[in-house]
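Contents: one structure, followed by commentary.
Every number in this text was worked out from the coordinates using simple rules, so none of it is lab data. Bear in mind the structure is a predicted one, so any value in this text is a computation, not a measurement. Note that we place each Cβ from the backbone using ideal geometry, even for glycine, and neighbour counts take in every protein chain shown.
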């Protein structure tokens, strides 16, 4: 396990409970997502794991090191990209990277070499010598990630890394994060409030609400748990629907069938596998079909099921 | 050892920022220049009083003004730390293995460099205006040392305040409470024999006075009493070490707040 927490609890002044007994385990070499609305406790969990903050109760370990008793060792093993850029805007990109390397005990020549290498990798070579305050938001974000990678950490924390970025920049960043896992076997823990990001980027994800783990699994597992995909079949006539139900009732492909005029609504564990069977059976029985649609359950459905609220309702600024 | 090398890396960061804004050193000279020129005129006749240690008031005043410059510039160190808190630089540093004390002492090192430039200009000006410094280079070295220690002490208080209270107002308030009263409750501008009794008593416990006494003794006296100088330097070293340790300890308070 790259990361493990047990019973983490943290209360801020004014009895604001940020974490209320959080248990998490993150396997090494995965991109792990913490998904939750603002104020769910994601950032607090990351701050405790990166030794910035201390829990009131509970334990947390990073790469097998205890965050409370071995903070120095933890800091040597991690890279941290906070929500706010951590770069010094009054310095150049190279100066930022070299300072970061130096405090990690890397010699000056090696620090320069590695700084150049990372600038090259992140397409920042041309601006490396310019003050960071003149850089664009996307460039600053890439510098933040380069800063986190300077000392070749085992675990990288990304706290809402793509908030406020353009869609293209976001897609580039996703590729970069995947490369961390694929090429360097780095464990990535990222927090997000974008459902799409959690769905597409993470290997496993934990939904957090009110400082607790609500549910954890791979994005597909969580969605499969939703009793499968929604299948909608539009038949050619009203009369056909009752005979279609009678025909399909016995098959294992569809469940929870409901007729609505000439439409049939049902659920299938795997919609794509159910549709050919269903269409074959209907065609053999001479029942004409006008349209079929399959909708995968979304993480929004998962959130709704486990918390009783729609994720998109809890987030006003959400965008896909 | 790590603490020291980390402090030089942090000092490098602040020094590069300062080199990019050289006018800042000149701008921050305005205030001590006004003090030096105005006060030297205003209190000129004080030097005629019996028992005054120097012929010209400006010679007596110059070390005091340099000490005050060290106090003023370092007492804003907390503001820089608040900027780093807001920008996220501090959190990035705190998740790295950087030695906590280096975040404070790195700034002190950079302040020492800019103070050295300012002190040379102020001393040169004082000599040009007729001041004589009997202690010579050694006396100036003592003035430099006590300025660094006093500045580090006030820097530690300022940064400790910033980390514990995390508001600009608290740093400003602390400066207003400490810097000018600290100067005027000492022998920086007026010898002990001419101070009201209660101020002379308070001054004995005032780090600003320790620095002023050591600097004046080394710089103005033809035969300095090195026992007095070393005693005050020792007290100042304790003061600055204590405030830097307290400031470093305040990272705990910051850690609890986030």
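Taking the helices alone, chain B has a mean residue ellipticity at 222 nm of -26000 deg cm²/dmol, built from -39,500 (n - 2.57) per DSSP H run of at least 4 residues and averaged over all its residues. Quick one: go through segment A:236-262 and flag any residue whose amide nitrogen is under 19 Å from the point 7 Å out along the Cα-to-Cβ line of residue A:305. Within reach of a label on residue A:305, which here means backbone N under 19 Å from a point 7 Å along Cα→Cβ, segment A:236-262 contributes A:253-258.
Cβ-Cβ distance of residue A:256 and residue A:175, R₀ of 45 Å, FRET efficiency by 1/(1 + (r/R0)^6): the value works out to about 0.70. Counting only DSSP beta bridges whose two residues both lie in chain A, roughly 65 percent are antiparallel. Taking every residue in A:77-86 and counting other chain Cβ atoms within 10 Å of its Cβ, the average works out to 4.
Among B:198-206, A:33-41, A:60-68, sorting by the average number of other beta carbon atoms lying within 10 angstrom of each residue, highest first, gives A:33-41, A:60-68, B:198-206. Here r is the Cβ-Cβ distance between residue B:117 and residue B:8 and R0 is 22 Å; the resulting FRET efficiency, rounded to 0.05, is 0.75.
Label-to-label distance for residue A:28 and residue A:112 is 3.5 nm, based on points extended 7 Å past Cα in the beta-carbon direction.
Distance from the C-alpha centroid of segment B:101-117 to that of segment B:65-80: 11 Å, rounded to the whole angstrom.
For segment B:119-160 versus segment B:161-200, the inter-centroid distance based on Cα atoms is 18 Å.
Need the full-extension length gain, residue A:239 to residue A:69, defined as separation in residues times 0.36 nm minus the C-alpha distance. One decimal, nm. The partial results should precede the final answer.
On the way: separation 170, 0.36 × 170 = 61.20 nm, distance 7.18 nm.
Answer, rounded to one decimal: 54.0 nm.
Kindly rank A:107-117, A:42-52 from highest to lowest mean number of other beta carbons found within 10 Å of each residue. List each step's numbers first, then the result.
Details: A:107-117: 14.8, A:42-52: 25.3.
Averaged packing, sorted descending, gives the order A:42-52, A:107-117.
Within 10 Å of the Cβ of each residue in A:87-93, the mean number of Cβ atoms contributed by other protein chains is 5. Taking the longest Cα principal axis of chain A as reference, the axis of helix A:238-248 is set at about 70 degrees.
Would you mind ranking A:1, B:1, A:139 so that the residue whose beta carbon has the fewest other beta carbons within 10 Å leads the list?
Details: A:1 13, B:1 6, A:139 19.
Taking fewest neighbouring Cβ atoms as first place, the list is B:1, A:1, A:139.
Computed extension gain for residue A:54 through residue A:281, at 0.36 nm per residue and net of the alpha carbon distance, reaches 75.6 nm. Neighbouring Cβ atoms from other chains, within 10 Å of the Cβ of residues in B:98-105, number 1 on average.
Here the spin labels are modelled as points 7 Å beyond Cα on the Cα-Cβ line, and at residue B:184 and residue A:125 they lie 6.2 nm apart. Overall shape: oblate for segment A:30-171, with the ratio a/c of the largest to smallest alpha carbon gyration tensor axis at 1.5 or above and b/c at least equal to a/b.
Summarising the label geometry, the points placed 7 Å from Cα in the beta-carbon direction at residue A:269 and residue B:204 lie 9.0 nm from one another. Ordered by the number of other Cβ atoms lying within 10 Å of each residue's own Cβ, fewest first, A:182, A:229, A:300 fall into the sequence A:182, A:300, A:229.
Label segment B:3-256 by shape, choosing from rounded, prolate and oblate, from the square roots a ≥ b ≥ c of the eigenvalues of the Cα gyration tensor; if a/c is under 1.5 it is rounded, and otherwise prolate applies when a/b is larger than b/c, oblate when it is not. Note, shape of segment B:3-256 comes out prolate.
Distance between the C-alpha centers of segment A:53-105 and segment A:238-309? Whole Å please. Between the Cα centre of segment A:53-105 and that of segment A:238-309, the gap is 51 Å. Between helix A:167-184 and chain A there is an angle of about 70 degrees, using the helix long axis and the longest principal axis of the Cα atoms. First check a/c for the protein assembly as shown, with a ≥ b ≥ c the square roots of the eigenvalues of its C-alpha gyration tensor; if it is under 1.5, answer rounded, and if not, answer prolate when a/b is larger than b/c or oblate otherwise. It is prolate, given that a/c is not under 1.5 and a/b is the larger ratio. Dividing the mean sequence gap of close Cα pairs (under 8 Å, 6+ apart) by how many residues chain A holds gives a relative contact order of 19 percent.
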